[in-house]
1. May I ask you to give the percent of accessible area on chain A that is carbon plus sulfur, with a probe radius of 1.4 Å?
2. If you plug each phi of region B:131-139 into the Karplus form 6.51 cos²θ - 1.76 cosθ + 1.60 with θ = phi - 60°, what whole-Hz ³J(HN,Hα) values come out, in order, with x for Gly and Pro?
3. Distance from the Cα centre of region B:53-85 to that of region A:59-75, in angstrom?
4. With a/c under 1.5 counting as rounded, go ahead and sort region A:32-151 into rounded, prolate or oblate using the C-alpha gyration tensor (a ≥ b ≥ c being the square roots of the eigenvalues; past the cut-off, prolate if a/b is larger than b/c, else oblate).
5. Considering only the label points, 7 Å along Cα→Cβ from Cα, what distances in nm to one decimal separate A:Arg100 from the same position in each other copy, shortest first?
6. Explain nothing, just the number: dipole magnitude of the protein assembly as shown about its Cα centre with +1 on each Lys and Arg Cβ and -1 on each Asp and Glu Cβ, in debye rounded to the nearest 20.
7. A:Thr115 label points, 7 Å along Cα→Cβ, one per copy: pairwise distances from this copy to the rest in nm, shortest first?
8. Taking springs between alpha-carbon atoms closer than 10 angstrom, which of B:Leu120, B:Leu36, B:Leu11 fluctuates most in the Gaussian network model of chain B?
Number of protein chains: 2
Amino acid sequence: MTSTLKLEEFLPYRLARAAEIVSRDFAALYRERYGLTRPEWRVFATIGQFGTITATAIGAHSSMHKTKVSRAVFSLEKRRWISRTTDDADRRVERLQLTREGGLRFQELSSMARTYESKLLSAIGPEATDHLVEAMAALERYAADSSSSER
Amino acid sequence: MTSTLKLEEFLPYRLARAAEIVSRDFAALYRERYGLTRPEWRVFATIGQFGTITATAIGAHSSMHKTKVSRAVFSLEKRRWISRTTDDADRRVERLQLTREGGLRFQELSSMARTYESKLLSAIGPEATDHLVEAMAALERYAADSSSSER
DNA sequence: ATAGAACGGTTACATCCGCAACGAATTTCA
DNA sequence: TGAAATTCGTTGCGGATGTAACCGTTCTAT
């Protein structure tokens, strides 16, 4: 009566698979050149983007667990790509920013990212890109409030 | 000169985020009702779809690491949802299939999956779905051969 | 026929990750 | 004011995961 479920046509599965393949493909680049892990790359890119930001805000912005953020911050600091400053107004808060070296690396990694992305985009074409982006936003809107276990 | 990279507009990041949110949202359903983990669900669904399949083939089909598959197979077997038969022609190979109970559970989980998916699809609309699927296929085609570290 | 390579699958080990508990700082509210 | 609740960030711990090594089996090539 019920037809067989085909996993490769099941949307959550397709999404997970596409994301995993693309993510791994790109991660291979920065891992090979800089030895960065995925959480480190994400945290680093977020700090680079905002200039100054807190660990909590990074987690909220990038859907990463706070312990993951904490550990990535630690190793980026050890690498001297970022530094932290305790906020004067609220001394629980650590304001994170790039060091001078971190700034240089961020430029390099940014252009690497853009190069990679433009190859991806040209592979799927401009209108498909628009549709893709739009559909992903709709998916996130739909699923975002049901799940709330992460921050 | 180079504009700042915005992570939330970066395609691999968007994909990863959308996939993670959707996947977690759906995983909450089968975890809560059956206590299944994500790898277990994937392996189980793959066996259910193919009827009989080997662990290696599951890994290739679903982009999962073979140790992950191996462990999921073990726990599904312990649960008595699947069984294994050593292939007569090649005794390295274990042919995996659902047990009677596994078949029942697969029906339940399949319909759960379809219900969930149809909610997702109606949230983003039918043409957006087509575009999404098409774009993901193109992405996978592009990235699939570069990365080969898993199987 | 047989040595060596290749393959299916499992396991030991080190690492990664999330949960829960925590310390320190701040806010809330009586 | 001061006790309880909340927040930021870290850490201990158990569980999940990937790497590499491994066992047994089969294939390849001489």
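1. Values: 3870 of 7900 Å².
Heavy-atom surface of chain A belonging to carbon and sulfur, 1.4 Å probe: 49 percent.
2. Result, ordered by residue: 4, 4, 4, 5, 5, 5, 4, 5, 4 Hz.
3. Each part reduced to its Cα centre gives a spacing of 32 Å.
4. Working: a/c = 2.39, a/b = 1.32, b/c = 1.81.
Verdict is oblate for region A:32-151.
5. 7.6
6. Working: 48 positive and 40 negative charges, 271 e Å.
Using Cβ point charges on Lys, Arg, Asp and Glu, the protein assembly as shown gives about 1300 debye.
7. 5.0
8. B:Leu11
The values are calculated or read from the model by the stated rules, or taken from the named source; none is laboratory data. Treat the numbers as computed from the prediction; the structure is a model and nothing was measured. All Cβ positions, glycine included, derive from the backbone under ideal geometry; neighbour counts span all protein chains shown. We work out accessible area using only protein heavy atoms, side chains counted, and drop any ligands, DNA or RNA first. Shrake-Rupley method; radii C 1.70, N 1.55, O 1.52, S 1.80 Å.
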